[in-house]
Structure formats: structure tokens, C-alpha cells
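We did not get these values from a lab; they are worked out from the coordinates using the rules stated. Since this is a predicted model, take the numbers as computed values, not measurements. Counting neighbours? That spans all protein chains shown, and the Cβs are built from the backbone with ideal geometry, glycine included.
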Amino acid sequence: MKKIIMALLLGLFVNSFSQTKSIEGRVYSGSSKYPLTGAIIKNDYNNISTSSDVTGSFSFAGLNDGKYELTVTYIGYKTQKISIEIINKVSAYQDIYLEDNYLTISEIEVSENREYGKTNYSGLDLKLRPVNNAQDLLRIVPGLFIAQHAGGGKAEQLYLRGFDLDHGTDINISVDGMPVNMISHAHGQGYADLHFVIPETIEGFDVYKGPYYAKFGDLATSGAVVFNTKNSIEKNFFQIESGLFNSYRGLAMFNLLGKNGKLFKGIKESAYISAEYNTTDGYFDNKQKFNRVNIFGKYNGLLSPNTILSLSASHFFSRWDASGQIPGRAVETGVISRFGSIDPSEGGNTSRSNINFILNNSISPNLEIKNQLYFVNYNFDLYSNFTFYLNDPVNGDEINQNENRNIYGYSSSFVLKNFLNNQDWKTEFSIGTRIDDVKKINLSHTVERSYLNDIVKGSIVEKNVYASLDQNYKFGNLVVNPGLRFDYFDFSFSDELDNNNIYKKSENIFSPKLNLYYNLSSKAQIYAKSGLGFHSNDARAVVFALQEKTLPGAFGYEAGASFSAGNSLVNVSVWGLNLESEFVYVGDEGVVEPSGRTQRTGIDFSGRYQFTDYLWADMDVNYARGRFVDLPEGQNFVPLAPEITSVGGLSFKLEKGLSGSLRYRYIGDRPANEDNTTIAKGYFLMDAVLNYTLSKITFGFSIENLLNNRNWNEAQFDTESKLFNEEKPVTELHFTPGTPLSLKGKISVFF
């Protein structure tokens, strides 16, 4: 720690003597007048680039007297060229206001990024592709597939890079720096329910595939997704939606301080509040009676030219009935319809409340400090029946999983950028902690939502303390990015079924990273990445030593290229990932349990093309091969791991009036068990969205499953089950039927 602090102080010392002649400034949105984070500023004189920090600040140091021309770019804004002159060794300063513009792929420079490694497509995709619900937020992530199988209230099943992620076992998801994943969750490790997010509040998102980045720890094996909410809104609006299956949605967003914000003693502020209500009966025979309420408010204030305070609070509540996963034989024999249910008492309710405090300080254009505090209160109550009458032929096998938890989190990060010999070197050091206080976590046997007996009952306290160091060294066109992360975990479980005895265990892990990027030009980059990551086990499995590995490691490696040519933007990569312990879904218990070692290899392709100023095309194609390392050939398939997936479509956005999108989703057949004797069926779907916007009103229309593929299966599992009138259990494919043709209309009014 002393060495790290000394390095930071040395960087500040070097910084103070290297900026006697510099160009400094800030980049703002011309419409909102708020700072733009991540704008690329290129010094055309020496071909050196930098990016604006959270206050919009940037700096070029070590310059001589003379005239300089800067090129400033940001997705969704007009590129601007600025001429600045340094005279008599006096540093120059310039505020830059960018005007809104249509997206232009030809202006994107793939080698210039505020953060190396993240996808180049996130800002582009979010501006072009319609996002109407929390599920759409996940679908917009390149290569990520989702499946809902509990009535719309439960978190989606996730698939990425050859992983059946269950509900989040191997992907790290956050919103405004707050974790979405719930570790040691009542239903499954890493459970990630994003339904507390109102999609219209999302400003952008970043995608990081693989375990290559020091800033991400637990669960970031297949990758990480970072969502960020808007700091301000320009207009108030109401929105009403109505669709088939008695589906309705209402949304309202209000700017609390007016269009231009509030000025008080030089402080510019923004504040808004949004509220959402959803209800639907769904397309199942057993009505879902689904209801969801979301409320979100955010304050953002420029307390000084160098300090930004962000404070947000939200509350989410959801209740639903579910039809669950049904066995194919029950449909084939006519016991139930394809949209029927075996146990109509499945379903549940959940809630989440968040308070998030973030203070960003730009001490200088080359030093950023960020401090964050957050608190989460979370409740979960779920009734499921996966095996029907297998274990209890009289009452059935319905289970109740419930929990109540508080999460306390703190993080602090320091970003230092030095200009040495006209090269941009960046150091990021972070420390933090997360404490999960799960006051109760229970698994009970129930019948028609009535209690029978406890299976597991207790409480969990899980603590994670971490530190990370990430360094970028730029040598000409080569960027060397080493990183190191340290995580310490403390697990504690109080077992109420064992006289409240407390069982404890602690573990730590180091995760080194090394990434190389070579910029062939501003339009082309090749890279090689490598890193160690991990996912934690459930605290109950850890303290009872049910598995050898407390923090199973993952070693990932990747090589690829990104390039922009004319109106196209392309990324292609070849990757591999070795995992010390796989998490596999166990249908008869409704949980995810650790298993053996696995190895995955794959190819990712992403392409974006702009035909005209108003028409874009996108396509993501992903192939992955996953196998267990220690099982015999032919019996070593990873159940439900996707092999071939693809999403894509056409989007158009006219200057006035019409906008829309026509999209497809494809996932191929995949093994549902280790010996590939049961196949989870693939599907091909198409959706369409059309909007027409006037000055103060928007009319919208959307169609889901445009081709009306009624027989597609969304979630699928190879499960042993027994129906009430059966003498012997049967192992076969159980599934949740996918959405049939669905229509929805909306009206939005702005004021």
C-alpha cells in the first residue's frame, strides 16, 4: 500500500512540473450545457489523443509556443475542430460546446477510447435500437441472450459466450456503480434482477467481455455490463402503452428544476423523477396477474467547476403468478395445453430500494477522484415446483425460496493521467467493500403457498473487501495494459435449524491481467487480452465445505481486431476461457450447484453499417464450444450452453417524423444434458417497432414475434419429474413456451 501511495504522489509531482505549457479545457453538450464524459480530443499537431473526464475536463501538457488544432468527437454530436495558440509560454484554456447530430459511423475512431477494452458499439446501439422494458436493456448487449420462465417477475435466464449463466452466475452487472447481482441468493448465485430499472432513464452502457479488467471482481468471468442513468432530462413527458393479453404500462418523467437547471451561487443543478407502472395477464392459461411499480429520482449538481455530486434513490415492487416449466409429455397427452401449468400456485413477489451517493472531483485535468456510497434493501419471495410429485407424491414438490437483505457498499477510485514525452499514461487505483447482511434466507416445502416444513433456514453475512490497480502505458501506437486485483471474502452462516450455530470461512484471491492494444491507425486496432477472474460460491456451500473451491478461478484469453472502414464498423475476436468449477442448473432442486472444470473456445463477430444518414444495419454472430474437462468424450457437454447465437436488424431514424426497427434473434439447438441425448430447441424470431414523432407527441407501435412462431420454447431444462397419476418418474425436456404474436401501441406527450 505504501508503494502504491508513493507512486500516486510521484505521479502528482511529475504532473506539476510537466504542465508549464499546456492546453486545457472542458467539453459540454451544447443543448443541455452539462459536461460530456468520454469525449475524444485529438491534438492534430502531434497526433496525441486524450478524453474528457467526468467534469468534461481535458489537458495536453509539455507543449511549445505555437498554433494547435484540436479535433473533438463524441457519438451523437457534430465533430468540431478548435484552433488554439500558446503564446509566451502561457497555457491556453478553451470551453467546447458540441452540437447534437445524427449518428455517423464514419466518424468513429476505434483506437481512441476513454477506456481500452470496452465495446465500441454501446453508444451507437442504445441511440438506434428501441428499448421499451428492462428485458430490452439486456437484449441490447452484444452476444447476450435472455429467457423468461416465471411470469415476467423473476430475473431472466442469461446466456453469453457459451455460458448458461442461470440468472447471473458468471456475469457482473451494475447500474450507476451499484451491483445488480445478489450473491448467496435464495434462488441462485449471482441472481441479477434488472427490473428495478426504468429503461427510459438509461443514458448509456458499456460492455466488457471476458475476465480481463481489474475493476471487475466477483462473477466477471464471461464479462461485465455497466449501465448508467441520465443526469438530466430536457422535457417532461407522459407515456401510455397498451397491448394484447390485457397489458398496460404507464410512465411519467418530470424535470424538477426546469429546462435550464437551477443556478445558485454558480452551481448548476438538475433533478428529475420518473415513475412506471406495468400490468399484464400474460399469454398463459393461468393469468399472471402481473403488477410492477418503479419510482426513480436523481439529483446531479455541479457544486464547483471541479466537483459533481450525484444522488439517486429508487423503489421497485413486483408481484405475479407463474405457470412454471412444463413437461413435454403433459402437452403431448393433452393433460394441459402448451400454455397451461401443472402447479398454478407458482409465482411470487420481490422489491428493491436503493440509495446511491457519488462525489466526483477533478483535482486537475489529469487527476480524478471518485467516492461512492450506496445502500440496498432487497426482498424476495418465490414459489416454484420443478418436479411436481417426484419427492412428495401426496402434497407435491412445491418450494418457497425467500430472503430479506441489506447491502452496504463503498468504493473510492483515483485516476491519474501523466503526459511524459508526449505520451498518455494512465493509472487507476480503486479500493472498496461490499457487505451483504441477509437477515433471513429460507427454503421451505409448501403446498399451494401454504407452509409445510423448513429445508434450509438461517441468515448470512458476506463481506468482500477489494483493491485494484490498472495501468495504461502508451508507447507510440502500442498500449500495454497490466492490472492486478485483490479480493478478500468473509462468509458467515447462522443455521436456525442447528441451534443457531454460526459457521464461518474466509478466502482471498489475486487476479492479474495483461492486455495489449496496437493502433494501426485511428480507424483500426488489433489486440490481445488475458486475465484471471473468479466467481464466488454460495456462502452456505462454502462454510459447509460442499465444494473444494471457495472462489473458483477463470483464465481467459482473446485476440481480435476492430476497424472502421467507410460506413462500416467491425469487430472480430477469437477467445478461450478455462473455468475451475462450473455452475450447472439442477432442475429437481431448482438451484445451481458447482460442478467440474470446463473449457470454452469461441468466435465473436459484430458489425455495424450505415447505408444513408438515416438507415443503419447491425449484426452480432457468436459461436462457442463448451466442454467439461474431466468427463469422457461424448459425455462432457455443458448443459444448455449456447453454441451459435445471432441478433441483428435494420434501424432508421428520419430527421423529423418516422423512426423504427426490424430485428431478429436466433439461437441454435444446444445440448440439454451432458451426453447430448436431450436437445434444447433453437428458434428464430423477428420483432418490429415503428414510431412517429411530432413536436410534442409520439405515436408508437411494436410487434413481438412477427412471424408468429407459436411453438418456440423460451426457457428449457432437462428435468426428472413425476406427475400426480404417474407410477414412475420421467426425465425429459421441460420448457416455458415463448411469447406468441404480440402487439402493443403507445402514445407519449412531451411538455
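Rank the residues ASP95, ASP176, ASP538 as a footprinting-exposure proxy: fewest other Cβ atoms within 10 Å of their Cβ go first. All intermediate terms of the calculation are to be shown ahead of the outcome.
Details: ASP95 10, ASP176 21, ASP538 27.
In increasing order of surrounding Cβ atoms, one gets ASP95, ASP176, ASP538.
Just in the range 369-464: which GluC sites (Glu not before Pro) are loop by DSSP and have at most 12 other Cβ atoms within 10 Å? The partial results should precede the final answer.
Values: sites: GLU398, GLU403, GLU428, GLU448, GLU462; in loops: GLU398, GLU448.
Hits after loop and neighbour filter: GLU448.
Here is the link list: LYS42/LYS370; LYS426/LYS653; LYS209/LYS440. Which ones come out longer than 27 Å on Cα distance? Walk me through the intermediate numbers first.
Details: LYS42/LYS370 25 Å; LYS426/LYS653 38 Å; LYS209/LYS440 34 Å.
The pairs that break the limit, which is 27 Å between Cα atoms, are LYS426/LYS653; LYS209/LYS440.
Computed from Cα atoms, the angle from the helix 2-18 axis to the main principal axis of the chain rounds to 30 degrees.
Sorted fewest first by neighbouring Cβ atoms within 10 angstrom, TRP712, TRP616 come out as TRP712, TRP616.
Hey, what number do you get for the chain at 222 nm if only DSSP H runs of n ≥ 4 count, each worth -39500 (n - 2.57), divided across all residues, to the nearest 500? Don't jump to the answer; show the numbers that get you there.
On the way: 5 runs with 40 residues, N = 751.
The per-residue figure over the chain is -1500 deg cm²/dmol.
Neighbour counts of other Cβ atoms within 10 Å put ARG292, ARG540 in the fewest-to-most order ARG540, ARG292. In straight Cα distance, which lysines are under 25 Å from LYS289, not counting same-chain residues fewer than 8 positions off? Filter leaves LYS154, LYS744, LYS746.
Under 5 Å between amide hydrogens, which residues at least 5 positions from PHE684 or on another chain qualify, with H placed 1.01 Å from N in the peptide plane? When sequence neighbours closer than 5 places are left aside, there are no close amide H contacts.
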